[in-house]
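Working notes for the structure below.
The values are calculated or read from the model by the stated rules, or taken from the named source; none is laboratory data. Treat the numbers as computed from the prediction; the structure is a model and nothing was measured. Backbone-built Cβ (ideal geometry, glycine too); neighbour counts: all protein chains shown. Surface accessibility is based on the protein's heavy atoms, side chains included, excluding ligands, DNA and RNA. Shrake-Rupley method; radii C 1.70, N 1.55, O 1.52, S 1.80 Å.
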Amino acid sequence: MNILQVISSFPPAYAYGGALKVAYELSKQLVRNGHGITVYTTDVYNANSRFKCSENPTYIDGIKVHRFRNISNKLAHNNLPIAPATARALKRNITDFDVVHIHEYRSLQAMAAHHYARKRGIPYVLQAHGSLPRIMAKQRLKNLYDSLWGYRLLKDASKVIALTETEAVQCKSMGVNGDKIGIVPNGIDLSEFENLPKRGEFRKKWRINDGQKIILYLGRIHKIKGLDLLAKAFAGLSKKLAEARLVIVGPDDGYLSSLKKLIADLEIGDKALFTGPLYGQEKLEAYVDADVHVSPRAWEPFGLTLIESCACGTPVICSKGCGIADLIDGKVGLAVPYDKDQLSNAIMRMLGNDKMTREFGENGKLLVREQFNWSKIAEQVENTYEECRIG
C-alpha cells in the first residue's frame, strides 16, 4: 500500500512530544513490511529554529518526508502549527495514496487532510494520540474547533485508533460509532533496547555516587506533566532519604523556569539535577541507572516513557489517571492517586523494597516484549488500513 501519514512535527523534532515518535516508529516498521510511506509534516524543529523546506523530500529510514513551512514558528511551538502548503500538496497528490493516517485532531493540517480525502474518496484513519479531551489550556478554542470541524473529522473517519479503552470511551462520547474504533497501543523498537548500557555510566557523567537513589522524570518540562506535584513529593521524602536525587531529563516546554523556582522555594535545589534533553544512548543510560522512573501527570493518555523504562528493567510509578495504569499497578510498578503524600509514599515504598523492584524490572521487560513490540502493533494498524480500503 501507499500510505500517507499527516502530522505537524516529525523526528528529529523530539521536543514536540510522543506522537511524532509513534508516527516515526510505525512508519519505519511499515516500510520494513514493504509499504510505501510518505509523511506530510511542517518545518518546526524547536522553539527557535526550523528545518529547511524544499520541493524535494528527504528520506529517513526509507520514509519519504515532505516538510512544509509554518507561517509562524512561535505559533507552532504553542501548539498552533499552520502550514498552508500542506493543503496545496494534499489537493495535488492525495489520490496517489491508498489510505491517509492523520496523527492529530485539532490542526489545520488535519482539517485539510479530512477535506481532500473526503472530496477524492480516499479513506482516512484518525489517531488523536490522547488530544480529544477539552482540558487545561485553550478550552474555548477547543470547543469552537470541535463544533466547526472536529466532530465532522471524527464522524467521517473510516477508522479511529484509540490508545486505550479510556480513549475509546472518549471517542464514543464525541459521537464516534463504536464499530469504527480500534484500540492499538503505542510501542517501542525493541532493537534499540537489545544492548543496554552498563550500569553506572549516567552516574559517572553526572557525578552521582552509587549510594544515592535516583528518582527519574523523563519527558517534556510542561506544566501539565505534574512536575510541581513530583517536586513537592520529593521535598517531603528527601528529609527521610538524605541521599536521594531528583533527576529531571527533557526539553523545556515553557515550564522550566517556574519549576526551578519551585524547587528553590522548597529548598531542594542541591538535590535536583536538570540534564536537558537526552537522546539515544544517553537516554538509555538515564533509564538504566534510575532506581525508579516517575510519570506524575494527573491524566496521561498513554505514557510512552513508562514503556521505555520497562524495557530497560527500571520500575515505574504513574498516576491512576494514566491510560495504562492497570497494566502497571502491582505488576511492573505502582499507580497512585494524584496526591503529593500518596506519590511520596509510593516512591518510599519502591525504594525501600529491593525484591519488589527487581521483580517489577523483570516483569517490565517481559511486558514490553509481549505487548508493545512495534512489529506486532504495525500488523494491527495494517489490518485497520485494509478494513478502510474494503469498506
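Report the longest stretch of the chain that contains none of the GluC sites (Glu not before Pro) sitting in a DSSP loop with at most 10 other Cβ atoms within 10 Å.
Working: sites that count: GLU55, GLU194, GLU267.
Formally, the longest exposed-site-free interval is 56-193.
Just how far, in whole angstrom, is the range 272-338 from the range 14-66 if you go by their alpha carbon centroids?
Distance between centres, Cα-based: 25 Å.
Give me the percent of accessible area attributable to carbon and sulfur for the chain, probe 1.4 angstrom.
Details: 8360 of 17330 Å².
On the chain, the fraction of accessible area on carbon and sulfur atoms equals 48 percent.
For the chain, go through all pairs of different Cα atoms, get the mean of 1/r, take its inverse, and jot down that Kirkwood value in Å. Intermediate results must be reported in sequence, preceding the final value.
Numbers: mean 1/r = 0.0461 Å⁻¹.
Taking the inverse mean of 1/r over all distinct Cα pairs, the chain comes out at 21.7 Å.
Taking only protein heavy atoms into account and a 1.4 Å probe, give the accessible area per residue of the chain in Å². Don't jump to the answer; show the numbers that get you there.
Values: 17330 Å² over 391 residues.
For the chain, the per-residue accessible area is 44 Å².
Rg over Rh of the range 302-341, using C-alpha atoms and the Kirkwood radius, what does it come to?
Values: Rg = 9.5 Å, Rh = 10.0 Å.
Looking at the range 302-341, the ratio lands at 0.95.
Given the options HIS115, GLY36, VAL125, identify the residue whose Cα lies farthest towards the positive end of the charge dipole of the range 26-148 (+1 on Cβ of Lys, Arg; -1 on Cβ of Asp, Glu).
About the Cα centre, the residue reaching furthest to the positive side is HIS115.
Cα convex hull of the range 261-375: mean projected area in nm², to one decimal?
Details: hull surface 31.5 nm².
Here the figure is 7.9 nm², rounded to one decimal.
For the range 139-290, just the Cα set please: Rg and Dmax, both in angstrom.
20.6, 57
Only Cα pairs under 8 Å and at least 6 apart count here; give the relative contact order of the range 53-93 as a rounded whole percent. Walk me through the numbers on the way to the answer.
On the way: 37 pairs, mean separation 11.1, N = 41.
The value is 27 percent.
Using just the helices of the chain, give the 222 nm mean residue ellipticity in deg cm²/dmol: DSSP H runs with n ≥ 4 each add -39,500 (n - 2.57), and the total is spread over all residues, rounded to 500. Working shown, then result.
Details: 16 runs with 161 residues, N = 391.
So the calculated ellipticity at 222 nm is -12000 deg cm²/dmol.
Give me the tail of P(r) for the range 271-317 as a percent: Cα-Cα pairs with distance above 11 Å. Each step should come with its number before you reach the end.
Working: 749 of 1081 pairs.
When every Cα pair of the range 271-317 is considered, 69 percent fall beyond 11 Å.
If I model the range 56-97 as equal point scatterers sitting on the Cα atoms and use the Debye formula, what is log10 I(q)/I(0) at q = 0.24, 0.25, 0.26, 0.32 Å⁻¹?
Cα-only, vacuum Debye calculation for the range 56-97: -0.91, -0.93, -0.95, -1.01.
I'd like the Karplus ³J(HN,Hα) series for the range 283-291: coefficients 6.51, -1.76, 1.60, θ = phi - 60°, whole numbers in Hz, and an x wherever there's a Gly or Pro.
Ordered by residue, 3J(HN,Hα) equals 5, 4, 4, 5, 4, 5, 7, 6, 7 Hz.
With 5 Å bins from zero, work out the P(r) of the range 111-155 over every alpha carbon pair and list the percent per bin.
5, 18, 28, 23, 15, 7, 3, 0
If amide H atoms are built 1.01 Å from N in the plane of the peptide, which residues on other chains or at least 5 residues away come under 5 Å of the amide H of PHE372?
Those lying under 5 Å, H to H, from PHE372: there are none.
Pop out the ³J(HN,Hα) list for the range 9-25 in order, Karplus 6.51 cos²θ - 1.76 cosθ + 1.60 with θ = phi - 60°, rounded to Hz; leave Gly and Pro as x.
Once θ is set to phi - 60°, the couplings for the range 9-25 become 9, 8, x, x, 7, 5, 5, 9, x, x, 4, 5, 5, 5, 4, 5, 5 Hz.
Please identify the cysteines of the chain that lack any partner cysteine with a Cβ under 4.7 Å from their own Cβ.
So far as the 4.7 Å Cβ criterion goes, CYS53, CYS171, CYS310, CYS312, CYS388 stand without a partner in the chain.
Please compute the Kirkwood hydrodynamic radius of the range 133-183 from all pairs of different C-alpha atoms, in Å with one decimal.
Details: mean 1/r = 0.0876 Å⁻¹.
Here the Kirkwood hydrodynamic radius works out to 11.4 Å.
Residue by residue, what Karplus-based ³J(HN,Hα) values in Hz, rounded to whole numbers, does the range 116-131 have, using 6.51, -1.76 and 1.60 with θ = phi - 60° and x for Gly and Pro?
Coupling constants for the range 116-131: 7, 5, 5, 5, 9, x, 9, x, 9, 10, 10, 10, 7, 6, x, 8 Hz.
For the range 325-391, would you read off the P(r) tail past 15 Å as a percentage of all alpha carbon pairs? Let's see the in-between values first.
On the way: 1437 of 2211 pairs.
Of the Cα pairs, 65 percent sit more than 15 Å apart.
Only Cα pairs under 8 Å and at least 6 apart count here; give the relative contact order of the chain as a rounded whole percent.
Numbers: 739 pairs, mean separation 53.6, N = 391.
Computed over the chain, the figure is 14 percent.
What Kirkwood hydrodynamic radius, in Å, does the range 247-287 give when the mean of 1/r is taken over all pairs of distinct Cα atoms and then inverted? Write down the numbers at each step before the final one.
Details: mean 1/r = 0.0901 Å⁻¹.
Over the range 247-287, the inverse of the mean reciprocal pair distance is 11.1 Å.
5 Å is the cut-off here: which amide hydrogens, built 1.01 Å from N in the peptide plane, fall below it relative to ALA128, excluding neighbours closer than 5 in sequence?
Amide H to amide H, under 5 Å and 5 or more residues apart or across chains, ALA128 pairs with ILE161.
Taking just the C-alpha trace of the range 1-134, give me its Rg and Dmax in Å.
Cα-based Rg and Dmax for the range 1-134 come out at 13.6, 39 Å.
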